[in-house]
Amino acid sequence: MLWIAIRMLTGDKTKFYGLLFGIAFSTLLITQQLTIFVNLIERGASGVYNEPNAQVWVMDPVSRTTDVNYALPATALDQVRAVPGVEWAVPHLRSVASVRTREGELEQVAIIGVDDTTLIGLPKSLFKGSRSVLSEPDAVIIDDGGTINMFGAGFDPVDERLELNDQRAVILGMADTIPAFTSTAVLYTKYSRALNFVPGTRNRMSFVLVGITEGETPEAVAQRIEAQTGLKAETREEFARAGVNFIIQNTGIPINFGITVILGFVVGVAIVGLTFSLFIRDNIKQFGALKAIGVSNAKIRRMVVAQASLVGFIGYALGVLGTVWFMWSFSGNPFFKGFYIPWQIPLISMVAVVIILAITGWLSLRSVLKTEPAAVFR
Amino acid sequence: MMIDTRAIGGCDPNAAICARNISRDFQTGQQTQRVLHNIDVDIEPGKMTYLVGESGSGKTTLISIMCGILYPTEGDVRVFGTEIYDLEDTKLVNFRLDNIGFIFQQYNLIPSIDAASNAAVPLIARGEDRHKAREKAVAMLEKLNIGDQAGKLPNQLSGGQQQRVAIARALVHEPRLVVCDEPTAALDATSGRRVMDLLREVAVSEDRACIIVTHDNRIFDLADRILVLEDGRITHDGTEMPKDH
């Protein structure tokens with residue numbers, strides 16, 4: 001009977017394609033929007049992820065993220081170095097500056113000052129130049145996303161001169177980074193040089209980056225630092241999560257994306273529900289005849305479940321493939337750099353599709369089950 | 001000939017259908033309307049029995065009750081010795097599948113499967129292998145002289161061919177009771193008589209009962225027995241229509 005059910009469904013091509021479209025569109029909308037949402041909010045942690053060495057981040061107790069921070073006194077560095085379990089501790093500066101490009105345009109950039117001697121704080125890999133270029137006078141390394149934002153795609157920024165807070169800076173490298181939540185360009189330079197680029201208050205060290213000794217755990221060392229120094233210390237994972245949470249709590253992004261995801265669900269229910277109901281209504285005589293002939297309600301239920309499953313499976317696959325295609329086709333766009341589809345998202349879409357089909361299938365099935373076999377004689 | 005069918009006593013052991021004291025009420029708003037009144041009737045195998053009556057006389061309700069698709073408000077129905085309304089729902093459904101073949105007025109063929117698959121539906125519903133069921137259905141279609149149309153979809157067949165497919169579907173599982181609803185309603189006189197001849201040839205046999213629900217007076221002469229229903233009561237039981245009809 002399942003074969004007959006499938007043929008009944010696929011035989012009515014308009015409705016079959018309508019059902020597929022409904023499920024595929026819903027899946028695409030839910031999967032694609034959730035993917036963008038997750039990747040976007042994960043950018044709140046890009047400052048942490050772009051720094052590959054630090055296992056613990058130490059900061060002023062009021063600091064919240066890599067970008068929302070309150071400067072520490074220089075003495076904090078020695079305090080942290082004195083804590084047992086700390087293998088190394090280096091200063092890290094994060095600030096903003098104004099830059100004037102060769103064309104005379106004004107841009108706001110982020111300045112990251114990395115440790116002068118070890119260069120801890122720099123991203124793991126560079127597209128252009130090497131880490132040693134920071135030893136050159138006035139040298140800065142720009143992030144790849146910032147290059148596109150400031151100079152346009154395909155532009156080679158090496159040897160480009162900038163006027164940075166009224167001081168000369170020369171771009172001598174380009175870093176491969178996860179873009180920040182904002183599209184601000186990021187300039188990496190040595191800590192001591194960053195202090196010159198960003199003059200200001202007495203305290204300017206934003207963070208102390210910490211490596212732990214072998215046999216210690218980041219959590220234990222962070223707790224010890226907090227206990228001994230009174231500063232806030234977070235492990236890499238905790239601080240990354242704090243960056244994500246900050247975006248969730250302080251922007252309208254979750255609500256906006258949430259609305260789109262709910263709309264995807266509602267559109268799915270509406271399209272699939274209407275089409276499925278029409279399909280069932282058009283075939284109600286046939287279902288009635290089958291019931292009269294001797295097809296039980298249990299078999300009818302299985303037939304409708306088979307029809308819903310087929311539509312769900314193909315529609316869901318098309319929707320997920322559509323999302324994969326979307327991500328692939330936009331992978332060259334700097335906005336989508338590093339975007340990926342977390343495995344949980346297709347699972348969530350699948351649950352949504354199952355719910356959509358369960359609701360619409362149940363509504364449609366009710367009319368079939370209510371149909372008296374005797375109705376075929378009327 | 002007018003007879004009092006209520007006077008019939010116990011069931012004939014050879015009867016295909018033995019219905020006793022059948023009443024059926026329908027609810028219309030606040031009111032209850034009785035459409036069948038204490039009907040007693042036996043249907044014998046080997047005969048083509050017509051159930052005749054005007055629209056609203058209760059013939060559809062009676063046939064629905066006699067073939068196990070509508071519960072009576074009162075009364076019992078025994079089909080080939082089985083009290084069908086004492087059966088559980090699932091067993092009643094299976095009983096219909098095994099013992100009754102239906103030919104609907106509008107055929108109710110599934111539009112997206114071919115003629116052979118349509119004819120094979122009762123066998124497939126029983127759980128038989130689809131390909132074997134189809135072979136049997138094709139054989140039945142050949143018996144009905146439309147074997148060459150087996151691979152066509154219903155919308156590629158003429159009305160007469162669709163009806164033959166419906167007949168094949170009703171007979172393919174060799175039921176002991178065949179119920180046919182208004183088989184000639186949409187046909188001209190010649191085609192109608194041809195269909196009835198065909199039904200007599202393939203549907204009537206020693207161990208099979210055939211009930212035709214009709215109000216088509218052009219085919220009354222082809223009946224072995226005619227039951228006339230008026231206002232929910234059997235008012236005539238004979239081999240011919242009463243003169244006043």
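The values are calculated or read from the model by the stated rules, or taken from the named source; none is laboratory data. The shown structure was predicted, so the numbers you read here are calculated from the model rather than taken from an experiment. Virtual Cβ from ideal backbone geometry, glycine too; neighbours counted across all protein chains shown.
Out of curiosity, is B:K152 within 14 Å of chain A (Cβ to nearest Cβ), over 23 Å from the mean Cα position of the chain (by Cα) and in a helix (DSSP H, G or I)?
Spelling it out, it is not the case that B:K152 is within 14 Å of chain A (Cβ to nearest Cβ), over 23 Å from the mean Cα position of the chain (by Cα) and in a helix (DSSP H, G or I).
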Would you mind listing the helices (runs of 4 or more DSSP H) fully within the stretch A:1-100 where at least 1 residues are within 14 Å of chain B (Cβ to nearest Cβ) and surrounded by 19 or more Cβ atoms within 10 Å (Cβ to Cβ)? A:2-11, A:13-42
Could you tell me whether any residue of the stretch B:79-91 is in contact with a helix residue (DSSP H, G or I) (Cβ under 6 Å, 6 or more places away or on another chain) and touching a residue at least 40 places away in the same chain (Cβ under 8 Å)? no
What number goes with the only condition from (1) modelled with pLDDT under 90; (2) β-branched (V, I, T); (3) under 21 Å from A:P91 (Cα atoms) that A:V48 does not pass? (1)
Select from the stretch B:199-216 the residues that are within 14 Å of chain A (Cβ to nearest Cβ) and hydrophobic (A, V, I, L, M, F, W, C) and write down the one among them that is farthest from B:Q105 (Cα to Cα). B:I211
If the requirement is being among the β-branched types (V, I, T), surrounded by fewer than 22 Cβ atoms within 10 Å (Cβ to Cβ) and more than 14 Å from every other protein chain (Cβ to nearest Cβ), which of these qualifies: A:I300, A:I314, A:I284? A:I314
When only residues in the stretch B:1-26 that are at pLDDT below 85 and of a type in the set (S, T, N, Q) count, which is surrounded by the fewest Cβ atoms within 10 Å (Cβ to Cβ)? B:N14
Matching residues in the stretch A:103-119 - criterion: being closer than 25 Å to A:F335 by Cα, in contact with a Lys or Arg (Cβ under 7 Å, 6 or more places away or on another chain) and surrounded by fewer than 20 Cβ atoms within 10 Å (Cβ to Cβ): A:L106
Looking only at the stretch B:55-73, how many residues end up being in a loop (DSSP other than H, G, I, E, B) and touching a helix residue (DSSP H, G or I) at 6+ places or on another chain (Cβ under 9 Å)? 6
Scan the stretch B:220-245 residue by residue and report those that are within 17 Å of B:P183 (Cβ to Cβ) and without any contact (Cβ under 8 Å) to a residue 60 or more places away in the chain. B:D221
Can you tell me which of A:G258, A:G264 is surrounded by 18 or more Cβ atoms within 10 Å (Cβ to Cβ) and out of contact with any strand residue (DSSP E or B) (no Cβ under 9 Å at 6 or more places or on another chain)? A:G264
Please go through the stretch B:131-150 and pick out each residue that is surrounded by 13 or more Cβ atoms within 10 Å (Cβ to Cβ) and in contact (Cβ under 8 Å) with a residue 12 or more places away in the chain. B:A133, B:R134, B:K136, B:A137, B:V138, B:M140, B:L141, B:K143, B:L144, B:I146, B:Q149, B:A150
Do any strands (runs of 3 or more DSSP E) entirely within the stretch B:192-245 hold 1 or more residues that are at pLDDT 80 or above and in contact with a Pro (Cβ under 6 Å, 6 or more places away or on another chain), and if so, which? B:209-214, B:233-238
Only one of (1) at pLDDT 85 or above; (2) touching a Leu at 6+ places or on another chain (Cβ under 9 Å); (3) within 14 Å of chain B (Cβ to nearest Cβ) is not met by A:L290, so which one is it? (2)
Residue by residue through the stretch A:29-55, note down the ones that are of a type outside the set (S, T, N, Q) and under 8 Å from the mean Cα position of the chain (by Cα). A:I36, A:F37, A:V38, A:L40, A:I41, A:E42, A:R43
Take A:G332 and decide whether it is within 14 Å of chain B (Cβ to nearest Cβ) and either outside any loop (DSSP other than H, G, I, E, B) or more than 16 Å from A:F21 (Cβ to Cβ) (or both). no
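Being more than 14 Å from chain A (Cβ to nearest Cβ) and farther than 16 Å from B:Q163 by Cα is the filter here, so list the residues in the stretch B:120-138 that pass it. Walk me through it before giving the result.
First, pick out the residues of the stretch B:120-138 that are more than 14 Å from chain A (Cβ to nearest Cβ): B:135-136, B:138.
Listed by number, the residues that qualify are B:E135, B:K136.
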For the stretch B:155-198, how many residues meet the condition of being among the acidic types (D, E) and either closer than 14 Å to B:Y107 by Cα or within 13 Å of chain A (Cβ to nearest Cβ) (or both)? 2
Where residues in the stretch A:336-347 are in a helix (DSSP H, G or I) and loosely packed, with under 15 Cβ neighbours inside 10 Å, which of them is nearest to the other protein chains (Cβ to nearest Cβ)? A:L347
Take the stretch B:20-45 and flag every residue that is in contact with a strand residue (DSSP E or B) (Cβ under 7 Å, 6 or more places away or on another chain) and in a loop (DSSP other than H, G, I, E, B). B:E44, B:P45
Scanning the stretch B:89-121 for residues that are of a type in the set (S, T, N, Q), crowded, with 20+ Cβ neighbours inside 10 Å and part of a helix (DSSP H, G or I) gives B:N99, B:S117, B:N118
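Looking at the stretch A:120-149, which of its residues are touching a Lys or Arg at 6+ places or on another chain (Cβ under 7 Å) and assigned to a loop (DSSP other than H, G, I, E, B)?
Just the residues of the stretch A:120-149 that are touching a Lys or Arg at 6+ places or on another chain (Cβ under 7 Å), to begin with: A:122, A:134, A:138, A:145.
Across the stretch A:120-149, the qualifying residue is only A:D138.
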For the structure I just gave you, tell me whether B:K59 is at negative phi and touching a Cys at 6+ places or on another chain (Cβ under 8 Å). no
Considering only the stretch B:74-88, I want to know if a residue exists there that is more than 9 Å from every other protein chain (Cβ to nearest Cβ), more than 18 Å from the chain's Cα centre (by Cα), of a type in the set (G, A, S) and part of a strand (DSSP E or B). yes
